[in-house]
Protein chains: 2
Amino acid sequence: MAGRSSTSLAAGAKPPAPRRTRNKPEERHREFVRKAVELFAEVGFEAGTRELAQRLGVTQPLLYRYFPSKDDLIAAVYQEIYVNRWKPEWREGLIDESRPIRDRLIAFYEDYTETIFTPEWLRIYLFAGLRGVDINRRYAATVEAEILRPITVATRKSFGLGGGDPPTPEEVELSWTLQGGIFYYGVREIVYRFPMTVDRAAMIRNAVDTFLAGVGSVMKRLAERESNSA
Amino acid sequence: MAGRSSTSLAAGAKPPAPRRTRNKPEERHREFVRKAVELFAEVGFEAGTRELAQRLGVTQPLLYRYFPSKDDLIAAVYQEIYVNRWKPEWREGLIDESRPIRDRLIAFYEDYTETIFTPEWLRIYLFAGLRGVDINRRYAATVEAEILRPITVATRKSFGLGGGDPPTPEEVELSWTLQGGIFYYGVREIVYRFPMTVDRAAMIRNAVDTFLAGVGSVMKRLAERESNSA
DNA sequence: CGTATTATTTATCGAATGATAATTAAAGGA
DNA sequence: TCCTTTAATTATCATTCGATAAATAATACG
């Protein structure tokens, strides 16, 4: 709430009394990034710096005191969303062999979707991917390493298949299909505002159950082909 | 090939001899749309009309003789991609009960992904969804009606479950998960340029097999719950 | 209280944007 | 061949954009 007032002044002739409150740089920095996340999620990265300044109740050149360029501001937005909101406990929960695989998967996807199924997360993610590939490629690499490989290994173990060796690309791709299916539910709901007829929890449960009920036979076939060719 | 020449003139001082070839409006229209698809896929809809004109070897105001505004040009691009490239035979193939469900699904997804797994299709689709929701919502509604409901019905039949009545939302959502999983493979490959380790055909085969091997038990559970609550 | 620091403002630049009006010249028909 | 039509051009306007320089005033500190 630092710096309320804005445009709702009686539409007189004179400039609206330049309110000038002096804030700590750290707080301003955080405030700027937070509002930038909001604005970029709505409009995209073409959103003007003037629009952002107006929403902050601040003049436009002030932004350039905190961020050397608009691209630096965008970089801070990426950091905020895709680094700060990542939870290491996701991986930890998935490799916790004391719980059934089904519980682990459902618990993970319920928490994960709670984090990413927001307009801010999803829309900025899509904007980023269309602007340049590095952010999304790096994020996808992290997801594969920290989420999908653990899921693949845990699933394979649950079917009594070899647990030690690293999962094959084709096995990991099976987990990607589950991940993508759930992800796309969020895109339809949040980004495309498609009228959803099944609630999120039921979707996750059914997707995970279909995956676990079906992936065993495919993994077995892949394992046999692997051992035959070896 | 109407109007070659462009910027590769000897970098003299004088204007590059205004080449003025007169073309039929219909051809120009198609040519403009085709190049607009190309440009918008690369840069997004913020791409300048001057850039487009330059790529066409034409002056910028000429665009406004064929399209009253940039938004009309964008609308023509949507028409070209999401209407003209839709194949009614997709639905026909999926409801063809003379072939096994597995063959139908694999054949459909191989042909469908061949159509949509291009930078033009995918990137413009994502751009469109971030610009406004109507295009994508309408497309998703078409996919659900023409593709996913047939898939759901055919799958249910293949498990000996009731074939007549319309599929429940939860059943359709199961097919959406498959659709989304495959769709997201294309986004990773084409848009994010993620290094793919499994080729498209294998991915489709494994995704469909996992779906068919797993969806039966979930559909049966849904059917039982349905009949119990009735 | 008075002075130094710096957060914030005002003013402005240059480039790029979508769009319009007026002008020019290529093609088709008599 | 001339004349009508209209495709395509040149010239230009009003906005908006990211960014910079200089002026101003709120705070911290002595």
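The values are calculated or read from the model by the stated rules, or taken from the named source; none is laboratory data. Owing to the predicted nature of the structure, the values given are computational and were not obtained by experimental measurement. Cβ coordinates were reconstructed from backbone atoms using ideal geometry, including for glycine residues, and neighbour counts include every protein chain displayed. The area values use the complete protein model at the heavy-atom level, side chains included, leaving out ligands, DNA and RNA. Shrake-Rupley method; radii C 1.70, N 1.55, O 1.52, S 1.80 Å.
Coupling constants for the stretch A:122-128 follow from the phi torsions by the Karplus curve (6.51 cos²θ - 1.76 cosθ + 1.60, θ = phi - 60°), and in residue order they are 5, 5, 5, 4, 5, 4, 4 Hz; glycine and proline get x. Summing charges over all other residues whose Cβ lies under 13 Å from the Cβ of A:P61, with Lys and Arg as +1 and Asp and Glu as -1, gives +3. Among the listed pairs A:K157/B:K220; A:K157/A:K220; B:K157/B:K220; A:K70/B:K35, those whose Cα-Cα separation exceeds 22 Å are A:K157/B:K220; A:K70/B:K35. When the Cα positions of B:L73, B:V43, B:L56 are compared along the charge dipole of the stretch B:25-80, B:L56 comes out farthest toward the positive end, with charges on each C-beta of Lys, Arg, Asp and Glu. In this structure, the amide hydrogen of B:V133, modeled 1.01 Å from its nitrogen in the peptide plane, lies closer than 5 angstrom to no residue at least 5 positions away or on a different chain. Rolling a 1.4 Å probe over the protein heavy atoms gives the protein assembly as shown an accessible area of 50 Å² per residue. Note: relative contact order over the stretch A:87-230, using C-alpha pairs below 8 Å and six or more positions apart, is 30 percent. Label-to-label distance for B:T59 and A:R65 is 4.8 nm, based on points extended 7 Å past Cα in the beta-carbon direction.
Work from the charge dipole of chain A (Cβ charges, +1 for Lys and Arg, -1 for Asp and Glu, about the Cα centre) and give the residue of A:A145, A:T155, A:G216 farthest towards its positive end. Positive-most Cα among the choices belongs to A:A145. A 1.4 Å probe, protein heavy atoms only, puts the accessible area of B:E224 near 110 Å². Computed from the Kirkwood radius of its Cα pairs, the Stokes-Einstein diffusion coefficient for the protein assembly as shown at 37 °C and 0.692 mPa s stands at 131 µm²/s. A loss of 50 Å² or more of accessible area (1.4 Å probe, protein heavy atoms, ligands and nucleic acids excluded) relative to the isolated chain is seen in these residues of the stretch B:192-213: B:Y192, B:F194, B:V198, B:N206, B:T210.
Since only B:F32, B:P119, A:G180 are under comparison, the one whose Cα sits farthest along the positive direction of the charge dipole of the protein assembly as shown, derived from C-beta charges on Lys, Arg, Asp and Glu, is B:F32. Can you figure out the FRET efficiency of A:R30 with A:L161, using R₀ = 60 Å and their beta-carbon distance, to the nearest 0.05? The formula returns an efficiency of 0.80 here.
Here B:E42 sits with roughly 100 square angstrom of accessible surface, probe radius 1.4 Å. Computed with a 1.4 Å probe over protein heavy atoms only, the accessible area of B:L94 comes to about 0 Å².
Our summary of shape: the Cα atoms of the stretch B:25-80 have principal axis extents of 24, 22, 17 Å, ordered from largest down, in whole angstrom. Taking amide H atoms as placed 1.01 Å from N in the peptide plane, the amide H of A:M196 has no partner under 5 Å among residues 5 or more positions away or on other chains. Taken as Cα centroids, the stretch B:114-185 and the stretch A:58-130 sit 27 Å apart, rounded to the nearest whole angstrom. Sequence-ordered 3J(HN,Hα) estimates for the stretch B:130-137 from the Karplus curve with 6.51, -1.76 and 1.60 and θ = phi - 60° stand at 8, 7, x, 8, 5, 4, 6, 5 Hz, glycine and proline given as x. Note on B:N84 and A:V43: with the Förster distance fixed at 35 Å, the Cβ-Cβ geometry gives a FRET efficiency of about 0.70. Ellipsoid fit via the Cα gyration tensor, chain A: semi-axes of 46, 18, 15 Å, each the root of five times an eigenvalue, largest first.
Nonpolar atom fraction for the stretch A:149-230, defined as the carbon and sulfur part of the 1.4 Å probe accessible area, stands at 53 percent. In this simple spin-label approximation, A:D103 and B:E224 carry label points 7 Å from Cα along the Cα→Cβ vector, and these lie 2.1 nm apart. Taken one residue at a time, the phi angles of the stretch B:70-85 give Karplus couplings (6.51, -1.76, 1.60, θ = phi - 60°) of 5, 5, 5, 4, 4, 4, 5, 5, 4, 3, 4, 7, 8, 9, 5, 8 Hz. Gly and Pro are set to x. For the stretch A:93-230, place one equal point scatterer on every Cα, skip the solvent, and apply the Debye formula. What is log10 of I(q)/I(0) at q = 0.16, 0.18 Å⁻¹? At q = 0.16, 0.18 Å⁻¹ the computed log10 ratios are -0.89, -1.07. Going by accessible surface with a 1.4 Å probe and the largest first, B:V43, B:V77 read B:V43, B:V77. With the helix formula -39500 (n - 2.57) applied to DSSP H stretches of n ≥ 4, chain A reaches a computed 222 nm mean residue ellipticity of -20000 deg cm²/dmol.
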